[in-house]
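One structure is given here, and the rest of the page talks about it.
The values are calculated or read from the model by the stated rules, or taken from the named source; none is laboratory data. Since we're looking at a predicted model, the values are computed, not measured. Here the Cβ positions follow ideal geometry from the backbone for every residue, glycine too, while neighbour counts run over all protein chains shown. Protein only, heavy atoms only, side chains kept; ligands, DNA and RNA dropped before computing areas. Shrake-Rupley method; radii C 1.70, N 1.55, O 1.52, S 1.80 Å.
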Amino acid sequence: MKINPTVQHCAIIVAGGSGTRMLTAVPKQFIELCGMPILMHSIRTFANTYKDIRIVVVLPSSQIAYWQELCLRYKFTIPHRLAEGGETRFHSVMSGLSALPDEGLVAIHDGVRPLVSRQTIERCFQVAGQYGNAIPVMPVIDSVREVSNEDSHIVDRKNLRLVQTPQVFDLALLKAAYTKQVYTHTFTDDASVFEKAGHHICLTEGNVENIKITVPHDLVIAEALMKMTV
(Lines give C-alpha, C1' and ligand atoms only; values in the text may rest on other atoms or scores of the structure.)
Protein backbone atom coordinates (compact mmCIF):
# COMPACT_ATOMS: atom_id res chain seq x y z
CA MET A 1 0.00 0.00 0.00
CA LYS A 2 1.81 3.11 -1.27
CA ILE A 3 0.81 6.73 -1.27
CA ASN A 4 1.46 9.03 -4.22
CA PRO A 5 4.65 10.92 -3.24
CA THR A 6 3.35 14.07 -4.98
CA VAL A 7 0.25 14.31 -2.79
CA GLN A 8 0.25 17.32 -0.47
CA HIS A 9 0.32 16.31 3.19
CA CYS A 10 -1.52 18.65 5.55
CA ALA A 11 -2.40 18.61 9.23
CA ILE A 12 -4.90 20.57 11.28
CA ILE A 13 -4.03 20.41 14.96
CA VAL A 14 -6.98 21.49 17.06
CA ALA A 15 -6.05 22.90 20.46
CA GLY A 16 -9.04 24.61 22.00
CA GLY A 17 -8.95 23.12 25.48
CA SER A 18 -9.02 24.89 28.82
CA GLY A 19 -7.41 23.93 32.10
CA THR A 20 -10.67 23.15 33.92
CA ARG A 21 -10.38 19.36 34.18
CA MET A 22 -6.60 19.62 34.56
CA LEU A 23 -7.23 21.82 37.63
CA THR A 24 -4.90 24.49 36.30
CA ALA A 25 -5.27 28.05 35.04
CA VAL A 26 -3.05 27.20 32.06
CA PRO A 27 -4.90 25.68 29.06
CA LYS A 28 -3.94 22.01 28.91
CA GLN A 29 -2.27 22.24 25.50
CA PHE A 30 0.27 24.69 26.99
CA ILE A 31 1.20 22.62 30.05
CA GLU A 32 4.86 21.60 30.00
CA LEU A 33 5.59 17.94 29.34
CA CYS A 34 9.19 16.73 29.33
CA GLY A 35 10.63 20.14 28.62
CA MET A 36 8.12 21.76 26.29
CA PRO A 37 4.37 22.45 26.03
CA ILE A 38 2.18 19.50 25.08
CA LEU A 39 1.09 21.13 21.81
CA MET A 40 4.69 21.47 20.63
CA HIS A 41 5.24 17.72 20.98
CA SER A 42 2.18 17.07 18.79
CA ILE A 43 3.33 19.50 16.10
CA ARG A 44 6.88 18.15 16.13
CA THR A 45 5.82 14.55 15.48
CA PHE A 46 3.95 15.55 12.31
CA ALA A 47 6.86 17.70 11.13
CA ASN A 48 9.28 14.84 11.74
CA THR A 49 7.06 12.41 9.82
CA TYR A 50 6.65 14.48 6.63
CA LYS A 51 9.17 17.24 6.01
CA ASP A 52 6.89 19.01 3.50
CA ILE A 53 3.73 18.87 5.59
CA ARG A 54 1.57 22.01 5.87
CA ILE A 55 0.49 22.45 9.47
CA VAL A 56 -2.39 24.61 10.69
CA VAL A 57 -2.80 25.07 14.44
CA VAL A 58 -6.29 26.10 15.53
CA LEU A 59 -6.45 28.06 18.78
CA PRO A 60 -9.03 30.27 20.49
CA SER A 61 -8.35 33.87 19.52
CA SER A 62 -7.70 34.71 23.18
CA GLN A 63 -4.80 32.21 23.29
CA ILE A 64 -2.95 33.09 20.10
CA ALA A 65 -0.73 35.81 21.56
CA TYR A 66 0.25 33.55 24.47
CA TRP A 67 1.13 30.75 22.06
CA GLN A 68 3.35 33.09 20.08
CA GLU A 69 5.10 34.05 23.33
CA LEU A 70 5.64 30.37 24.12
CA CYS A 71 7.15 29.75 20.68
CA LEU A 72 9.69 32.51 21.35
CA ARG A 73 10.40 31.29 24.88
CA TYR A 74 11.01 27.69 23.82
CA LYS A 75 12.68 28.65 20.53
CA PHE A 76 10.06 26.63 18.69
CA THR A 77 10.56 27.30 14.98
CA ILE A 78 8.62 24.53 13.19
CA PRO A 79 6.62 26.34 10.46
CA HIS A 80 2.89 26.43 11.04
CA ARG A 81 -0.05 28.66 10.29
CA LEU A 82 -2.49 29.83 12.95
CA ALA A 83 -6.27 29.80 12.60
CA GLU A 84 -8.88 31.03 15.05
CA GLY A 85 -11.05 28.41 16.70
CA GLY A 86 -14.83 28.51 16.63
CA GLU A 87 -17.67 27.87 19.02
CA THR A 88 -17.26 24.08 18.77
CA ARG A 89 -14.68 21.63 17.49
CA PHE A 90 -16.76 21.35 14.30
CA HIS A 91 -16.39 25.08 13.66
CA SER A 92 -12.71 25.05 14.61
CA VAL A 93 -11.98 22.34 12.03
CA MET A 94 -13.89 24.35 9.42
CA SER A 95 -11.64 27.31 10.23
CA GLY A 96 -8.55 25.15 9.78
CA LEU A 97 -9.82 23.75 6.49
CA SER A 98 -10.28 27.25 5.09
CA ALA A 99 -6.51 27.77 5.44
CA LEU A 100 -5.65 24.74 3.27
CA PRO A 101 -5.78 23.92 -0.45
CA ASP A 102 -8.60 21.93 -2.01
CA GLU A 103 -6.45 18.95 -2.95
CA GLY A 104 -4.29 16.59 -0.93
CA LEU A 105 -4.68 14.68 2.31
CA VAL A 106 -5.33 16.26 5.67
CA ALA A 107 -4.86 14.84 9.17
CA ILE A 108 -7.09 16.26 11.90
CA HIS A 109 -5.38 15.78 15.26
CA ASP A 110 -6.08 16.63 18.88
CA GLY A 111 -3.37 18.96 20.14
CA VAL A 112 -3.32 17.13 23.46
CA ARG A 113 -2.37 13.76 21.96
CA PRO A 114 1.43 14.27 22.05
CA LEU A 115 2.25 10.55 21.99
CA VAL A 116 0.90 9.70 18.57
CA SER A 117 3.56 7.64 16.81
CA ARG A 118 5.07 8.40 13.43
CA GLN A 119 4.00 4.90 12.38
CA THR A 120 0.35 5.72 13.15
CA ILE A 121 0.57 8.98 11.19
CA GLU A 122 2.16 7.24 8.20
CA ARG A 123 -0.34 4.38 8.30
CA CYS A 124 -3.30 6.78 8.40
CA PHE A 125 -2.00 8.75 5.42
CA GLN A 126 -1.34 5.56 3.48
CA VAL A 127 -4.82 4.16 4.08
CA ALA A 128 -6.49 7.51 3.35
CA GLY A 129 -4.49 7.77 0.13
CA GLN A 130 -6.08 4.53 -1.03
CA TYR A 131 -9.59 4.74 0.44
CA GLY A 132 -10.24 8.46 0.99
CA ASN A 133 -10.11 8.35 4.78
CA ALA A 134 -8.49 6.55 7.70
CA ILE A 135 -9.52 6.51 11.36
CA PRO A 136 -7.07 5.06 13.91
CA VAL A 137 -8.67 2.83 16.52
CA MET A 138 -7.72 0.47 19.32
CA PRO A 139 -9.63 -2.56 20.67
CA VAL A 140 -11.50 -2.26 23.97
CA ILE A 141 -9.83 -4.40 26.64
CA ASP A 142 -12.14 -3.69 29.60
CA SER A 143 -15.61 -5.10 30.09
CA VAL A 144 -18.30 -2.63 29.05
CA ARG A 145 -21.87 -2.19 30.25
CA GLU A 146 -24.57 -0.01 28.72
CA VAL A 147 -26.67 1.86 31.26
CA SER A 148 -30.36 2.63 30.70
CA ASN A 149 -32.24 4.35 33.51
CA GLU A 150 -31.65 2.10 36.53
CA ASP A 151 -30.74 -0.99 34.51
CA SER A 152 -27.60 -2.06 32.67
CA HIS A 153 -26.46 -4.87 30.42
CA ILE A 154 -23.16 -6.20 29.12
CA VAL A 155 -21.95 -5.10 25.69
CA ASP A 156 -19.83 -7.38 23.51
CA ARG A 157 -16.47 -5.61 23.47
CA LYS A 158 -15.35 -7.53 20.38
CA ASN A 159 -17.55 -5.18 18.37
CA LEU A 160 -16.23 -1.98 19.98
CA ARG A 161 -13.23 0.19 19.17
CA LEU A 162 -11.71 3.24 20.85
CA VAL A 163 -11.26 6.06 18.36
CA GLN A 164 -8.08 8.15 18.24
CA THR A 165 -6.63 10.88 16.08
CA PRO A 166 -5.18 11.77 13.61
CA GLN A 167 -8.16 11.14 11.38
CA VAL A 168 -6.97 11.55 7.81
CA PHE A 169 -9.14 12.45 4.82
CA ASP A 170 -9.05 13.43 1.19
CA LEU A 171 -9.14 17.23 1.45
CA ALA A 172 -11.72 17.83 -1.26
CA LEU A 173 -14.08 15.22 0.19
CA LEU A 174 -13.73 16.51 3.75
CA LYS A 175 -14.29 20.14 2.74
CA ALA A 176 -17.43 19.10 0.85
CA ALA A 177 -18.65 17.12 3.87
CA TYR A 178 -18.22 20.06 6.21
CA THR A 179 -19.80 22.48 3.75
CA LYS A 180 -22.99 20.46 3.37
CA GLN A 181 -23.52 19.71 7.08
CA VAL A 182 -25.22 21.81 9.73
CA TYR A 183 -23.63 21.35 13.16
CA THR A 184 -25.23 18.88 15.55
CA HIS A 185 -24.05 17.60 18.92
CA THR A 186 -23.71 14.12 17.40
CA PHE A 187 -20.62 15.33 15.52
CA THR A 188 -18.12 14.20 18.13
CA ASP A 189 -15.24 13.89 15.65
CA ASP A 190 -14.45 14.37 11.98
CA ALA A 191 -15.36 10.81 11.06
CA SER A 192 -18.93 11.44 12.22
CA VAL A 193 -19.18 14.45 9.89
CA PHE A 194 -17.65 12.51 7.00
CA GLU A 195 -19.96 9.55 7.60
CA LYS A 196 -23.05 11.80 7.73
CA ALA A 197 -22.10 13.04 4.25
CA GLY A 198 -22.51 9.48 2.98
CA HIS A 199 -18.95 8.16 3.07
CA HIS A 200 -17.81 4.76 4.33
CA ILE A 201 -15.38 4.99 7.25
CA CYS A 202 -12.13 3.05 7.00
CA LEU A 203 -10.55 1.93 10.27
CA THR A 204 -6.85 1.33 10.80
CA GLU A 205 -4.59 0.56 13.75
CA GLY A 206 -3.64 3.34 16.17
CA ASN A 207 -1.03 3.13 18.90
CA VAL A 208 -1.78 2.35 22.53
CA GLU A 209 0.36 5.23 23.85
CA ASN A 210 -1.72 7.75 21.90
CA ILE A 211 -3.69 8.96 24.92
CA LYS A 212 -5.59 12.22 25.11
CA ILE A 213 -4.38 14.33 28.03
CA THR A 214 -7.50 15.50 29.82
CA VAL A 215 -7.08 15.10 33.61
CA PRO A 216 -4.01 15.37 35.89
CA HIS A 217 -3.19 11.65 36.02
CA ASP A 218 -3.02 11.61 32.19
CA LEU A 219 -0.05 13.95 32.45
CA VAL A 220 1.77 11.56 34.78
CA ILE A 221 1.15 8.65 32.41
CA ALA A 222 2.22 10.69 29.38
CA GLU A 223 5.47 11.74 31.03
CA ALA A 224 6.30 8.14 31.92
CA LEU A 225 5.50 6.94 28.39
CA MET A 226 7.51 9.72 26.80
CA LYS A 227 10.56 8.97 28.92
CA MET A 228 10.31 5.31 27.86
CA THR A 229 10.48 6.24 24.19
CA VAL A 230 13.49 8.54 24.47
Across the chain, how many lysine pairs, 8 or more positions apart or on different chains, have C-alpha atoms separated by under 27 Å? Please give the number.
19
Select from 165, 111, 124 the residue farthest towards the positive end of the dipole of the stretch 106-202; place +1 on Cβ of Lys and Arg, -1 on Cβ of Asp and Glu, and compute about the Cα centre.
124
Ranked packing of 96-105, 139-148, 213-222, most packed first, by mean Cβ within 10 Å
96-105, 213-222, 139-148
What translational D, rounded to a whole number of µm²/s, comes out for the stretch 84-230 from Stokes-Einstein when the hydrodynamic radius is the Kirkwood one over Cα pairs, at 25 °C and 0.890 mPa s?
147 µm²/s
When the accessible area of the chain is split by element with a 1.4 Å probe, what percent falls to carbon and sulfur?
53 percent
For residue 204, list long-range residues whose amide hydrogen, built 1.01 Å from N in the peptide plane, is under 5 Å from its own amide hydrogen.
135, 137
Highest mean packing first, using Cβ neighbours within 10 angstrom, the peptides 46-52, 79-85 sort as 79-85, 46-52
Using modelled amide H (1.01 Å from N, peptide plane; none on Pro or chain starts), what sits under 5 Å from the amide H of residue 12, excluding residues fewer than 5 places away?
56, 107, 108, 109
Arranged from highest to lowest average of other beta-carbon atoms within 10 Å per residue, in what order do the peptides 156-167, 127-138 appear?
127-138, 156-167
Dimensionless Rg over Rh [the stretch 1-155; C-alpha; Kirkwood]
1.03
Per residue, accessible area of the chain with a 1.4 Å probe, heavy atoms of protein chains only, in Å², comes to 53 Å²
